[in-house]
Amino acid sequence: MHNIKPVTIIKITSVLLITGFLFWFNWRYVNLGPEDIKTVFHGFGWAGPIVFVTVYIFRPLVLFPASILSLAGGLIFGPFLGMALIITGAAGGATLSFWIARKLGKNIAAKNWTGKAEKIQKQLERNGFIYILSLRLIPVLNFDLISYLSGISKISFRHFLIGTVIGIVPATFAYSFLGSSFASGDMSVIIFALSLFLVVSLVPLLLKKRLNHL
């Protein structure tokens, strides 16, 4: 990547600065919790699921935390419908992020990379599905960041989308079930949901090192 032009560096730096600002803005001023979101969506009545999926799809544009929205999905719609809506919205949001990055960063994606970057690009082309599946199952990077970086890589969209959908199933169920358990008010259900959530969260962390060997 020694041949990257100053303009490209400026673009990448600008994206990172904007991303950082959006994270800070959400944390400082938005800061909505699952209960707040539940109150908002209940006002939409029968259209609630459609609005929820739509919001989830466009969520990456403002980098609102996916975890908060996922917990709210379970809290509002229950574990199974909530899970289905979260996966639909997350897949749609990942797709939107991917194509925005691919269109805006087409010069970067089409570039002949060198050194370590070249090896990574080749791995994404040959084993893109495995890479994305691993990154979704083992969250070593932010969800949206993976989508944006994939967009400027040479991975095929099909591998990206399939790897994303399959990879987010365990965590999605854990978040949805945990959110719905709070609505039930049954302490035994809440404890079980918390235990399941911890297992789903900790196992990927223990497997992080395996990702380096892919």
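Quick notes on this one:
- Taken together, the residues in the range 165-214 that are outside any helix (DSSP H, G or I), modelled with pLDDT under 70 and within 18 Å of the chain's Cα centre (by Cα) amount to 0.
- Checking Ala72, Ala94 one by one, the residue that is touching a Lys or Arg at 6+ places or on another chain (Cβ under 7 Å) and surrounded by 22 or more Cβ atoms within 10 Å (Cβ to Cβ) is Ala72 and no other.
- Qualifying positions in the range 20-61 - modelled with pLDDT under 75, outside any loop (DSSP other than H, G, I, E, B) and open to solvent by 80 Å² or more (accessible area, probe 1.4 Å): Phe21, Phe23, Trp24, Phe25, Trp27, Arg28, Tyr29, Glu35, Thr39, Val40, His42
- Residue that is modelled with the highest pLDDT, among those in the range 62-75 that are more than 13 Å from Ala171 (Cβ to Cβ) and in contact with a Ser or Thr (Cβ under 9 Å, 6 or more places away or on another chain): Leu75
The values are calculated or read from the model by the stated rules, or taken from the named source; none is laboratory data. What you are looking at is a predicted structure, and each value in this text was computed from that prediction instead of being measured. Methodologically, a virtual Cβ is constructed for each residue, glycine included, from the backbone with ideal geometry; neighbour enumeration extends over all protein chains shown. The accessibility values were calculated without ligands, DNA or RNA, using every heavy atom of the protein model including side chains. Shrake-Rupley method; radii C 1.70, N 1.55, O 1.52, S 1.80 Å.
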